[in-house]
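The values are calculated or read from the model by the stated rules, or taken from the named source; none is laboratory data. Nothing here was measured: the structure is a model prediction, and the numbers come from that model. A quick note on method: Cβ atoms are made from the backbone with ideal geometry, for glycine too, and the neighbour counts reach across all protein chains shown.
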Amino acid sequence: MKDLKYPLEYITTVTTRPRRAGERNQIDYHFITTEKFQGMIKKGELLEYANVYGNWYGVPKQLVKQALESGQDTIAKVDIQGAASIKKIVPQAVFIFLMPPSIEELGIRLKKRHTESSFDLNLRLQTATEEMKQLSLFDYVVYSQRDDIARAVADIAAIITAEKCRVTPREINLD
């Protein structure tokens, strides 16, 4: 995403999920304890949060606020619940649904990760099918083709360009 030539900040999500092989703390996620996560909820430090598949995930509000105040747009990876929550808080934000070419393709990708049991894999695919029905919550859809991430990045860059060219720019305020 750094090749987009825009001041862009990727917001790393916090999670209570155990780290998978190859994942790096503070890069892929901020891996924290459930107790620390609950403390962040109580202090109002999360823009949105949800329990997904038995683990907590959330977007740190201060990171988003700092990026926006310094003139950077932000990208946060959230699920449907997260997008709906953020849309209530910041309705003028831009929402992009990253879509696999098909449920079958998503199943192939998940199987290759070797991180879910058969039950969990089926649950994820059922959830994805239901989430795809919520497409109208989003402003744009980008298809993520296998072995062609450059196409998805180019599509996101085009969306950012289009948004930067709006006659009336969107004003984002987290106060």
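Structure summary
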item: Yes/no for Arg151 being under 23 Å from Gly107 (Cβ atoms), out of contact with any helix residue (DSSP H, G or I) (no Cβ under 9 Å at 6 or more places or on another chain) and at pLDDT 90 or above; result: yes
item: Matching entry among Leu125, Leu135, Leu106, Leu174 (being out of contact with any Cys (no Cβ under 7 Å at 6 or more places or on another chain) and more than 19 Å from Ala83 (Cβ to Cβ)); result: Leu125
item: Single residue of the range 99-133 satisfying the filter (free of Cβ contacts under 8 Å to residues at least 40 places away in the same chain and not in a helix (DSSP H, G or I)) that is farthest from Ala150 (Cα to Cα); result: Ser117
item: Among (1) assigned by TED's automatic domain parsing to the domain that holds Tyr29; (2) buried (at least 16 other Cβ atoms within 10 Å of the Cβ); (3) within 23 Å of Ala128 (Cα to Cα); (4) not small (Gly, Ala, Ser), the one test that Leu68 misses; result: (3)
item: Candidates Arg19, Arg24, filtered to the one that is more than 25 Å from Ser136 (Cα to Cα), touching a Phe, Trp or Tyr at 6+ places or on another chain (Cβ under 7 Å), without any contact (Cβ under 8 Å) to a residue 24 or more places away in the chain and not hydroxyl-bearing (Ser, Thr, Tyr); result: Arg19
item: Single residue of Arg146, Arg166, Arg170 found to be assigned to a loop (DSSP other than H, G, I, E, B) and closer than 25 Å to Arg109 by Cα; result: Arg146
item: Test set (1) surrounded by fewer than 16 Cβ atoms within 10 Å (Cβ to Cβ); (2) closer than 25 Å to Ala21 by Cα - Ala76 fails condition number; result: (1)
item: Residue selected from the range 64-98 under the condition in a strand (DSSP E or B) and out of contact with any Ser or Thr (no Cβ under 8 Å at 6 or more places or on another chain), by the criterion farthest from Thr115 (Cα to Cα); result: Asp73
item: Residues satisfying the stated conditions in the range 127-148, i.e. surrounded by fewer than 11 Cβ atoms within 10 Å (Cβ to Cβ) and either more than 29 Å from Gly54 (Cα to Cα) or at pLDDT below 90 (or both); result: Asp147
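Let's see how each residue does on (1) at positive phi; (2) in the same structural domain as Leu123 (by TED's automatic domain parsing); (3) outside any helix (DSSP H, G or I):
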{"position": "Tyr10", "(1), (2), (3)": "no, no, yes"}
{"position": "Arg19", "(1), (2), (3)": "no, no, yes"}
{"position": "Gly22", "(1), (2), (3)": "yes, no, yes"}
{"position": "Ala50", "(1), (2), (3)": "no, no, yes"}
{"position": "Trp56", "(1), (2), (3)": "no, no, yes"}
{"position": "Gln62", "(1), (2), (3)": "no, no, no"}
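Yes or no, residue by residue, for (1) of a type outside the set (Ser, Thr, Tyr); (2) surrounded by fewer than 18 Cβ atoms within 10 Å (Cβ to Cβ); (3) touching a residue at least 24 places away in the same chain (Cβ under 8 Å):
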position: Thr15; (1), (2), (3): no, no, yes
position: Asp28; (1), (2), (3): yes, yes, no
position: Ile41; (1), (2), (3): yes, yes, no
position: Val52; (1), (2), (3): yes, yes, yes
position: Val59; (1), (2), (3): yes, no, yes
position: Gln62; (1), (2), (3): yes, yes, no
position: Ile86; (1), (2), (3): yes, no, yes
position: Phe97; (1), (2), (3): yes, no, yes
